[in-house]
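Novice: I have a structure I would like to understand better, so I am pasting it below and will then ask my questions one at a time.
The values are calculated or read from the model by the stated rules, or taken from the named source; none is laboratory data. Everything quoted here is computed from the prediction, not taken from an experiment. Counting neighbours? That spans all protein chains shown, and the Cβs are built from the backbone with ideal geometry, glycine included. Just the protein is used for accessible areas: all its heavy atoms, side chains included, with ligands, DNA and RNA removed. Shrake-Rupley method; radii C 1.70, N 1.55, O 1.52, S 1.80 Å.
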Amino acid sequence: MYAIGLCVDEQYMLPALTMLTSLADSLPPRTRRDVALRVLTLDLKQTQVNTMADLVKRLGFQSFDLRWCAPSKASCLSDAEYISITTYLRFQFTPAFVGRSHLVYVDTDVLITGDLSGPLSQLRTGHLGVVRDEFNPAVGECPALPGLAERWPHLRGRVYYNAGVLWTSVGLLATIRRGVEYALVQGRQHILHNDQDALNMWLLASGRAQPVAPDYNRFEVQRFLQRGDWVRRVVRRPLSTGADTVLLHFVGPEKPWQAECPATEDVREYRAHLRRTVRYIHRLGDLSVEAPGGAR
């Protein structure tokens, strides 16, 4: 069986709990009991950890563990508008901590609507399962990895991947970590999207990317259409979410738990999950957690 991994800081505590609620909804009870949850954090307080542990137990998960740790010293934030250094913790999972043969890493700003484990059955030895980035589809043809295609023209047009969901065997974790750290040191001038750019540099150099179907990391784009029309020029698909979506990813600075976020259909669905999560937490005795005003 596999583990779901996530990285959480205080700012993203409630979104992480909402993601876990949607994960539980996507799995039958028997599977839920077998799936392990593994969390890395820089700054959660023990009371918050207790709340998370109580919630995942209520949701039916039987294997939960959390560890405090720090990212590599090479980690850097080029774009810190809505992301903290916690984002680099995705490379600090170890086989001993995961305790399963495979890890599915998932960002916390998502809503899970289907079974995330599907790509594991097709994963080749020594490869990392990744989904193409819908806003940055190719090296040298998007803002990601600035200057890389000019430095190495043969990389222009190569696929660029989103790091919000990753599928890997635990035997590859140390190799990924070393590759990302090397990229951060040797290619720092090409880092724009932080750890995601570093991961893509390693994937370009190693050839270890295994493409996963787009439905496993589908961006919610209607929010962006409320502000302008650029998404229609970039996204190469119908702009509705689609019934086959397994994971809906709320990329960008406007998040569905924020009052100023446009209330699209998908945002309203997310907020329904968030409110239900808060009710669960209150029943567990933690009244300190509240849904933000715009999400009520």
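Novice: Please find, among V251, V246, V235, the residue that is within 20 Å of I83 (Cβ to Cβ), in contact (Cβ under 8 Å) with a residue 12 or more places away in the chain, touching a Phe, Trp or Tyr at 6+ places or on another chain (Cβ under 8 Å) and of a type outside the set (D, E, K, R).
Specialist: None of the others qualify; the one that does is V251.
Novice: If the requirement is being assigned to a strand (DSSP E or B) and under 17 Å from the mean Cα position of the chain (by Cα), which of these qualifies: A163, A198?
Specialist: A163
Novice: Now, a different point. For D79, all conditions in the list (1) under 20 Å from the mean Cα position of the chain (by Cα); (2) over 27 Å from Y182 (Cβ atoms) hold save one; what is the number of the exception?
Specialist: Among (1) under 20 Å from the mean Cα position of the chain (by Cα); (2) over 27 Å from Y182 (Cβ atoms), D79 violates only (2).
Novice: Let me ask another. Hey, any hits in the stretch 145-162 for a residue that's open to solvent by less than 10 Å² (accessible area, probe 1.4 Å), touching a residue at least 24 places away in the same chain (Cβ under 8 Å) and among the small types (G, A, S)?
Specialist: No, the conditions are met nowhere in the stretch 145-162.
Novice: Applying the selection to the stretch 255-282, what residues are under 22 Å from L20 (Cβ atoms), assigned to a loop (DSSP other than H, G, I, E, B) and open to solvent by 40 Å² or more (accessible area, probe 1.4 Å)?
Specialist: Q258
Novice: For L44, are the conditions met, namely being modelled with pLDDT of 95 or more, under 30 Å from A183 (Cα atoms) and assigned to a loop (DSSP other than H, G, I, E, B)?
Specialist: Here the answer is yes, as L44 does meet what is asked.
Novice: Continuing with this model, one more query. For T86, are the conditions met, namely being polar (S, T, N, Q), crowded, with 19+ Cβ neighbours inside 10 Å, in contact with a strand residue (DSSP E or B) (Cβ under 9 Å, 6 or more places away or on another chain) and assigned to a helix (DSSP H, G or I)?
Specialist: Yes, satisfied.
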